[in-house]
Amino acid sequence: MKYGFTRIAAATPAIIAGNCKSNAMEIISVVKELAEKNVELILFPELSLTSSNCGDLYLQPLFIRECKEAIITIAESTKGIESVVVFGAPVEYRNSIYNCSVVCHNGTILGVVPKRVLRNSIICENRWFGSSTTLPCDATVKIGNKEIPFTKQAVFSTDSYSFGIEIGNEAETPLAPGALLATCGAEIILNPSSTEEVADGNRQTRNRIEASSRCYKCGYVYANSGWGESTSRASYAGYNAIAECGNIIAEGERFLTKSSYTIAEIDIEKIKNERRGNSIFCNDGNIRNIYIAQKNPSDNRLYRTISAAPFIPSKANENERYEEIFIIQATALARRIQHTHASTCVIGISGGLDSTLALLVTEKACKLAGKKNSDIIAITMPGFGTSGRTYNNAMSMMEKLGVSIKEISIKEACIQHFKDIEHSIDNHDVTYENAQARERTQILMDIANMTNGIVVGTGDLSELALGWATYNGDHMSMYGVNSSVPKTLMQHIVRWVANNHADKELQKTLLDIVDTPISPELTPTDNENNIKQKTEDLVGPYELHDFFLYHFIHNGFAPEKIYFLAQKAFKENYDSTTIKNWLSTFMRRFFIQQFKRSCMPDGPITGKCNLSPQGGWIMPADISGALWNEACNEIDA
């Protein structure tokens, strides 16, 4: 596939315990169905050819011969099929039986991976199976008339991706094979399993899958036994899941009474970018490398969902995440207050989203630092574009929070300034706008000096990315609490505070602020004193820019891939031309506005993206962005 995606399936066949021929036919049927969907890699559960509950039958020569014939049948059935197929089967090697994963492609068995760590709980595997711990890495096993690599540690590689296998409970051991396989180059770890279902077991399994994929910085595929497994001692739910770098991106329904599968695309480019620069993923351990000559499908559909809001947490843990971000901001500011021995916190309040979150954070920080709300000097500074809605919301919020309120109009000061520099007040250009922002910053700084305080910055990550801030105006403060919080996330955090930590009157004000159009309010309002200058009309929708920002900074994607993903994520909201135009705007502004980020104030890191020069993002201010701008121009919209 294009853009670094590899389509994977975790499949659970409906089997008949002990019936190898029937199970082989079911596996083949599922493989053919998934091949029609251009799935590149298919994983079946541990011992899926026989069931994992055949007991002493594993020691019957007749049964093992039947298994070998079924393995050959499955392999031959993949002739002409480009999908790589991995299924579980018992395999005999030097008079011992091993619990193995068989890898085949296009009619050929490429390798057999025997299990190392045997279970000794409900099922005592060492009664029937040998451990591969002591086997040499270069061993082979004869299946049919061919000698097949028989290795406990192998990385299978195509031109597009690589994978390794850890079987069942091996993934839960202190020295899990997946760790070594990942550090030796496996970008996907497969975990074929036959784990019985117990209360709360699925939650633990999900947590482990996410943790393994995060720790190994890999794709992780889990396929578990399901319908047809013997229920003599346990039940099997057939849970399938596909994870990527700490997040489950697809999972199947449990307890189905038929064969099932889960499909998703793992982003190999993202995995490579996550690992780049980390020396631990340069291991040359005792690993067998097996090449697979697989053709890359031209199908560029995506089964996985692309989130239009990558900064926003899932519903399951959103409250926990918002609280965590909020307390990170507040604790960081409280420490700065303590370190500087500041008597006050000075903050400009516009009635907009940024200053609202900054004020809420400052109030929490003052509590942590043992200060009163009255130690917060909140200043509203009406100008030529201040609307009635934002002014009233600013006053209402400050009153409800019990902070010290100051109102200082900047109009007369700016008018005098325009006269001094011989600039027409009717010329609403960049000078007209920036003079107001710098006048406000001067007021804040001076009052901080007068009161032994620090100026709390209000600017956010989205504005820093676009350079949508007046240099040495709202760009500057003594501590920027919002510096790594993007605009889309900020809306959710303010809403969370409103719904969880505010009385009804304050809640009403905060929710109205969230719903207010984003504006710098630097040009005059309309005839009814409503906002006329709307930021998103000028620089583009923040939901798009935050999407671009995440995939450009966190994932390191090129413009063409970002555009491709944005088309999928925003197909109901924006056409291709609109997405391309705003992506071009983002790239152009990101590079030419770096000089503002090079001298931005300190601020706490709260998430995966941070543009601080203190280590979050390092880039010369005069570097050329031509490569990225040209890439945007070449996009065929």
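The values are calculated or read from the model by the stated rules, or taken from the named source; none is laboratory data. The structure presented is a predicted model; accordingly, all values stated were derived computationally and were not measured. Methodologically, a virtual Cβ is constructed for each residue, glycine included, from the backbone with ideal geometry; neighbour enumeration extends over all protein chains shown.
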Which listed residue, of Arg94, Arg65, is farther than 25 Å from Arg288 by Cα and either under 40 Å from the mean Cα position of the chain (by Cα) or of a type outside the set (A, V, I, L, M) (or both): Arg65
Could you tell me whether segment 67-77 includes any residue that is assigned by TED's automatic domain parsing to the domain that holds Ile16 and assigned to a loop (DSSP other than H, G, I, E, B)? no
For segment 247-260, state whether one or more residues are touching a Pro at 6+ places or on another chain (Cβ under 9 Å), acidic (Asp, Glu) and surrounded by fewer than 19 Cβ atoms within 10 Å (Cβ to Cβ). no
Cβ-Cβ under 7 Å pairs, at least 6 apart or on other chains, segment 527-552 side in the same structural domain as Thr516 (by TED's automatic domain parsing) and acidic (Asp, Glu), far side buried (at least 22 other Cβ atoms within 10 Å of the Cβ) and at pLDDT 80 or above: Glu536/Tyr542; Glu543/Thr488; Asp546/Phe311; Asp546/Ser462; Asp546/Pro486; Asp546/Lys487; Asp546/Thr488
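Go through segment 136-151 residue by residue and tally those that are part of a loop (DSSP other than H, G, I, E, B), within 12 Å of Tyr93 (Cβ to Cβ) and at pLDDT 90 or above.
2
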Farther than 22 Å from Arg127 by Cα, surrounded by fewer than 24 Cβ atoms within 10 Å (Cβ to Cβ), in contact (Cβ under 8 Å) with a residue 40 or more places away in the chain and aliphatic (A, V, I, L, M) - does that describe any residue in segment 38-54? no
Filter result (under 14 Å from Tyr542 (Cα atoms), in a loop (DSSP other than H, G, I, E, B) and of a type in the set (Ser, Thr, Tyr)) within segment 565-605: Tyr574
Counted residues in segment 413-454 being loosely packed, with under 12 Cβ neighbours inside 10 Å and either among the hydroxyl-bearing types (Ser, Thr, Tyr) or in contact (Cβ under 8 Å) with a residue 24 or more places away in the chain (or both) come to 2
Reported set for segment 606-637 where residues are polar (S, T, N, Q), surrounded by fewer than 17 Cβ atoms within 10 Å (Cβ to Cβ) and in a loop (DSSP other than H, G, I, E, B) is Gln614, Ser624
For the subset of segment 333-354 comprising residues that are part of a helix (DSSP H, G or I) and touching a helix residue (DSSP H, G or I) at 6+ places or on another chain (Cβ under 8 Å), which member is surrounded by the fewest Cβ atoms within 10 Å (Cβ to Cβ)? Ala334
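Would you check if there is a residue in segment 102-113 being part of a loop (DSSP other than H, G, I, E, B) and in contact (Cβ under 8 Å) with a residue 24 or more places away in the chain?
Filtering segment 102-113 for residues part of a loop (DSSP other than H, G, I, E, B) gives 106-107.
Narrowing further to those that are in contact (Cβ under 8 Å) with a residue 24 or more places away in the chain: 106-107.
So far as segment 102-113 goes, yes, one or more of its residues are part of a loop (DSSP other than H, G, I, E, B) and in contact (Cβ under 8 Å) with a residue 24 or more places away in the chain.
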Within segment 301-323, tally of residues that are closer than 30 Å to Val102 by Cβ and in contact with a helix residue (DSSP H, G or I) (Cβ under 7 Å, 6 or more places away or on another chain): 1
List the number of the failed condition for Arg7; all other conditions in (1) farther than 19 Å from Ser260 by Cβ; (2) of a type outside the set (Gly, Ala, Ser); (3) touching a Pro at 6+ places or on another chain (Cβ under 8 Å) hold. (1)
